[in-house]
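The values are calculated or read from the model by the stated rules, or taken from the named source; none is laboratory data. None of the values given here were measured: they were computed from a predicted structure. Here Cβ is always computed from backbone atoms with ideal geometry, including for glycine, and neighbour counts include all displayed protein chains. Surface areas here come from the heavy atoms of the whole protein model, side chains and all, with no ligands, DNA or RNA. Shrake-Rupley method; radii C 1.70, N 1.55, O 1.52, S 1.80 Å.
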Amino acid sequence: QVQLVESGGGLVQPGGSLRLSCAASASIFSFNAMSWYRQAPGKQRDLAAVITISNITKYTDSVKGRFTISKDNAKNTVFLQMNSLEPEDTAIYYCRADFRGAAYWGQGTQVTVSS
């Protein structure tokens, strides 16, 4: 069983930045992939960014050039650096780990972009 704990969410003005962290209870070195999903009010949960075991990264079009996903294997932590935030980025952000055929989710962290 893998536990994931997100942190770093909050209220930020448009154009601002936030850095989300996702700490895993197990070594992430052999995880197939780790991802950040987000769910806006009244909408489905969608993929924002993913980083694979070989450090290949992919982003949904709406965050390309603004968000950066990275991981620190020594700290068992994945990060999402979010710059140039827009009101449309307001959502609950969830961390997901894919490992040995199973998907594990964190509890989510709220990001609100508003003036």
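Only residues that are under 20 Å from Leu20 (Cα atoms), outside any strand (DSSP E or B) and open to solvent by 20 Å² or more (accessible area, probe 1.4 Å): list them for segment 96-114, please. Of everything in segment 96-114, those that are under 20 Å from Leu20 (Cα atoms), outside any strand (DSSP E or B) and open to solvent by 20 Å² or more (accessible area, probe 1.4 Å) turn out to be Gln107, Ser114. Got at least one residue in segment 86-93 being on the phi < 0 side of the Ramachandran plot, open to solvent by less than 30 Å² (accessible area, probe 1.4 Å) and of a type in the set (D, E, K, R)? Checked against the condition, which is being on the phi < 0 side of the Ramachandran plot, open to solvent by less than 30 Å² (accessible area, probe 1.4 Å) and of a type in the set (D, E, K, R), segment 86-93 yields at least one hit. Working carefully through the options Tyr37, Tyr59, find the one that is surrounded by 16 or more Cβ atoms within 10 Å (Cβ to Cβ), free of Cβ contacts under 8 Å to residues at least 24 places away in the same chain and aromatic (Phe, Trp, Tyr). Sole residue among the options that is surrounded by 16 or more Cβ atoms within 10 Å (Cβ to Cβ), free of Cβ contacts under 8 Å to residues at least 24 places away in the same chain and aromatic (Phe, Trp, Tyr): Tyr59.
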